[in-house]
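The structure appears right after this line, and notes come after that.
Just so it is clear, none of the values below were taken in a lab; they were calculated from the coordinates. The structure presented is a predicted model; accordingly, all values stated were derived computationally and were not measured. Because the Cβ atoms are built from the backbone with ideal geometry, glycine has one as well, and the counts that use them run over all protein chains shown.
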Amino acid sequence: MNKKQKKVLKRIIVAAVLLVIIGIAGSVVSIPKWLEFLFYLVPYFVIGYDILRKAWKGICNRQMFDENFLMAVATIGAIALGDYKEGVAVMLFYQIGELFQSYAVGKSRRNISDLMDIRPDYANIETDGQMEKVDPDEVEIGTVIIVQPGEKVPIDGVVVEGHSSLNTSALTGESVPREVAVGEEIISGCINISGLLKIRTTKEFGESTVSKILDLVENASSKKSRSENFISRFAHYYTPAVCYGALALAILPPLVRMLFMGLPADWGIWIYRALTFLVISCPCALVISIPLSFFAGIGGASAEGVLVKGSNYLETLAGTRTVVFDKTGTITQGVFEVCGIHGTNCASGSCPVVSGHPVYTKEEEQLLEYAALAECHSTHPISVSLQKAYGRKLDVDRVTDVQEIGGHGVIATVDGHRVAAGNDKLMKKEKIAYRNCSCTGTIVHLAVDGVYAGHILISDMIKPNAAAAMQALKNSGVHRLVMLTGDDDRVAQQVAGEVGITEVHSQLLPADKVSEVEKLLRTREEKSTVAFVGDGINDAPVLSRVDVGIAMGALGSDAAIEAADVVLMDDDPLKIAKAIRIARKCLRIVYENICFAIGIKLLCLFLVTIGIANMWMGIFADVGVMVIAVLNAIRALFVKKL
């Protein structure tokens, strides 16, 4: 809780204690009405002074018809009629609901731009033989910049010296690091993993990829399709209508009786009916139960590991009929694993893929051991995955004459044998006939003493629940499942086929993803919404643009989490369908409360207008309806079996 929320909590506690004390004192000792009124004003102003101030400002600014005005009218009306305890209690319950909403929404929302850590702070240029850090905005086109291992590439350009691996997942979502060499183009925002690079810039910083991503996030946020809060919309029509209606009921009938019918005006009777009209029309049931329904829905979702940042997103999520997915870290696990070891006995085109914890043959274990030892001095993600799969402590003394060839692989002497481990470029360089792999993923070929020994398949594994999640979404009424990814089309098609997605768009940059989402928004079904599920910084612009953005929270980037409207805290894609079902249940309860509360009130308003209903019926239409609606709203908390 922040300081403001703690302050409100203290006011709630103080007001509740005072309310209880005054109530007990009133039941024990006879207190004069005027003194009781003064006593109840103390907790009322403690808990409601800020609401009254906002309502007064709204009246002064001619924008009075909002939830603050509703609460002011409701509570002041109750106190004016002598029901002091109800007036204070209603304000107290409303402030509790506001505190819950503030905590749920404010906890996760900060300025997106401040969290975009892909923005480089500096660029390295060489001046008189010395490396100097300068502001990226000051670097002109054609300048040669230096990017050291571990640094971000600040500006788009072409490599003029060096070889390295780049982590591009923050930009394109590609699961495998990209190898770059002299003459290849490189985009800003990538992280240099291994070797030193010299890059000749081809764009100014303001036109580079990283700047465009930041611009997309900021502009996409302004185009966000947001549902207005229901209470404010309802109050815009309801509050003035009932206020003017009560005024008309107090004035018009007596005037008609007196001027046109020659009857006594009976001002007292009609003013009493108008006051009863106000009591009945008091919007307590809606003011309290509707937000409470959303808060309960948010609370129930949170208990299931789904963080929804506001009630408007629940409302939007309920109408989802199209779900768009990123691939890496969303459908896949976002980590590299050895998923196959194929010796020379594997026939071409029929290489098996393993999963879980396989039992390798002696030949496969030997192959993995050679690869792990040859790569033991490298921190490349592929090397790390080989060492992890080997699973035993590596004796580096067995390895000598290590030669790392940028963009190719490693050649080393292991136990006196010359081992070459790398991609097909390395095999061609060594003039070794190698065997292609039919499986999709990163292939590490191995040759021992100049003879091809086999290859190891490394890939980003699909999440265990991914296929079940797609089926659950279809069962929940989602009609269209789409995958957008920066990965190679072959990899994308294989992953989509395994999980049950039929619409795939691959090799996309962040701007391309936004364009594809724009097309989906234009072609969606009427009154339906589009949701996007992602986890990387590159997903932030799309998360901000769609009707409802869903981020993987446990492993996702800060920018994606902050740009999203819904966060899955355990990265389980099955929770997407559950979140939609929770939202729909919550919205059903909201509509039930709206129909019930308005229906009862309209009936009672009609009855009081013709003189049948009295103040007791008015109290039922106010307090009774409020209690029933609140109890119904609490059902939104129970979502375990959805």
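A compact table of results
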{"quantity": "For residue 529, residues with placed amide H under 5 Å, excluding near neighbours", "calculated": "320, 321, 322"}
{"quantity": "Efficiency of FRET between residue 521 and residue 135 - r from beta-carbon atoms, R0 56 angstrom, step 0.05", "calculated": "0.90"}
{"quantity": "From phi via Karplus (6.51, -1.76, 1.60), per-residue ³J(HN,Hα) for the range 491-497 in Hz, x at Gly/Pro", "calculated": "5, 4, 5, 5, 5, 4, x"}
{"quantity": "Exposure proxy ranking, count of Cβ atoms within 10 Å, fewest first, for 34, 267", "calculated": "34, 267"}
{"quantity": "Over 24 Å between alpha carbons, listed pairs 7/33; 3/309; 7/640; 428/463; 474/519", "calculated": "7/33; 7/640; 428/463"}
{"quantity": "5 angstrom amide H check on residue 335, placed H, neighbours 5+ away", "calculated": "461"}
{"quantity": "Trypsin sites (Lys or Arg not before Pro) lying in DSSP loop within the range 366-410, provided at most 14 other Cβ fall within 10 Å", "calculated": "392, 393"}
{"quantity": "Local electrostatic count, residue 385, Cβ distance below 12 Å [Lys/Arg +1, Asp/Glu -1]", "calculated": "-2"}
{"quantity": "Under-5 Å amide H pairs with residue 613, H placed in peptide plane, nonlocal only", "calculated": "608"}
{"quantity": "For 13, 382, 290, order by how many other beta-carbon atoms lie within 10 Å, fewest first", "calculated": "13, 382, 290"}
